[in-house]
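The block underneath contains the structure these notes are about, expressed in structure tokens.
Please treat every number below as a calculation from the coordinates, not as lab data. Quick caveat, the model's predicted, so the values are computed rather than measured.
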Amino acid sequence: MYYRRTVADNRRHPRPLAQTGRVPLEERQVGRRPPNIMVVLLTGVMWVAVGVIMLLGLTTSWKWAVGLFSIGVGVLFLRGFVVAVLRRDRQP
């Protein structure tokens, strides 16, 4: 007969880490994983390039709105790239 341990049983009689196969708490990463900085950089450069192409290529009057919006989104991605690089340099 198969016996399944309940959550309460696990709390009363915890298994050693070697049996569970888990990484000790000190070695785990807490929170979100850092982004791949090259993807963030490439995305930011692409948004800025699209914004410049819109400003130069479109002939309508609303080209300023979409062009500046695209450049603004690209600047936000580039800011995220800079923050990720600075965080990576600070980590031991």
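With θ taken as phi - 60° and the coefficients 6.51, -1.76 and 1.60, list the Karplus ³J(HN,Hα) couplings across the stretch 78-83 in order, rounded to whole Hz; mark glycine and proline as x.
Couplings: 5, 5, x, 4, 5, 5 Hz.
Using each residue's phi in the stretch 66-72, evaluate 6.51 cos²θ - 1.76 cosθ + 1.60 at θ = phi - 60° and report the 3J(HN,Hα) Karplus result to the nearest Hz, with x for Gly and Pro.
Result, rounded to whole Hz: 6, x, 5, 5, 5, 5, x.
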